[in-house]
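Structure first, then comments.
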Ligand code: FES
Ligand code: FES
């Protein structure tokens with residue numbers, strides 16, 4: 001039967017999750033509606049804006065483009081898993097300190113992409129930060145302060 005639920009097991013923010021998911025369920029919907037992890041947002045739903053960014057097996061991905069069945073056996077980190085409840089990690093602190101947050105809708109994706117940039121490059125230039133952040137769109141257009149925040153973390157790590 002093509003629409004039969006499919007059993008998956010994965011680690012989400014360090015916790016083992018087992019579930020039966022429909023074959024057409026997207027990872028974004030699985031996180032938001034099955035696990036109540038609403039940090040990843042849906043805006044375009046077609047891989048253009050980065051609002052739905054999560055980390056899958058160590059790399060940022062657009063969770064609107066991935067099926068939940070595809071993450072069977074994988075490790076996922078969402079914005080909720082970046083720091084303990086009530087605390088902020090260095091990147092999150094930098095976004096606060098640099099006043100990088102306006103409406104906030106793009107920010108979970110921006111923070112996770114910022115983390116990826118710091119991981120991928122030792123002391124990235126401002127141009128590298130901007131280039132690597134090009135998959136994340138901020139509709140409030142506060143790019144300057146977002147780049148400032150990521151740059152400040154890169155300078156201290
Ligand atoms: S909602 Fe996934 S990239 Fe825009
Ligand atoms: S802060 Fe509003 S979309 Fe980026």
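No lab work stands behind these numbers, since they all come straight from the coordinates. Values in this document were obtained by computation on a predicted structure and should not be read as measured data. Here the Cβ is made from the backbone with ideal geometry for all residues, glycine too, and neighbour counts use every protein chain on show.
Work out how much length residue 35 to residue 127 would gain on full extension: take 0.36 nm times their residue separation and subtract the Cα-Cα distance, in nm to one decimal. Could the numbers behind the result be given before it?
Values: separation 92, 0.36 × 92 = 33.12 nm, distance 3.64 nm.
This chain segment gains 29.5 nm when fully extended.
Looking at the chain as a GNM with Cα springs under 10 Å, which of 128, 38, 78 has the largest mean-square fluctuation?
Per the Cα network of the chain with a 10 Å cutoff, 128 tops the list.
Grab the DSSP H runs of the chain that are 4 residues or longer, score each as -39,500 (n - 2.57), total them, divide by all residues and round the 222 nm result to the nearest 500 deg cm²/dmol.
On the way: 4 runs with 43 residues, N = 157.
The helix-only estimate for the chain comes to -8000 deg cm²/dmol at 222 nm.
Give the angle, between 0 and 90 degrees and rounded to the nearest 10, that separates the Cα long axis of helix 143-156 from the longest principal axis of the Cα atoms of the chain.
80 degrees
Between residue 134 and residue 103, how many nm apart are label points set 7 Å from Cα along the C-beta direction?
2.5 nm
Using alpha carbons only, how many degrees (0 to 90, rounded to 10) separate the axis of helix 107-120 from the longest principal axis of the chain?
80 degrees
Subtracting the Cα-Cα distance from 0.36 nm times the residue separation, let me have the gained length for residue 141 to residue 72 in nm, one decimal.
On the way: separation 69, 0.36 × 69 = 24.84 nm, distance 3.58 nm.
Difference between extended and current length: 21.3 nm.
Which shape class applies to the range 72-157: rounded if a/c is under 1.5, otherwise prolate when a/b exceeds b/c and oblate if not, where a ≥ b ≥ c are the square roots of the Cα gyration tensor eigenvalues? Provide the component values of the computation, followed by the final result.
Numbers: a/c = 1.33, a/b = 1.18, b/c = 1.13.
Rounded.
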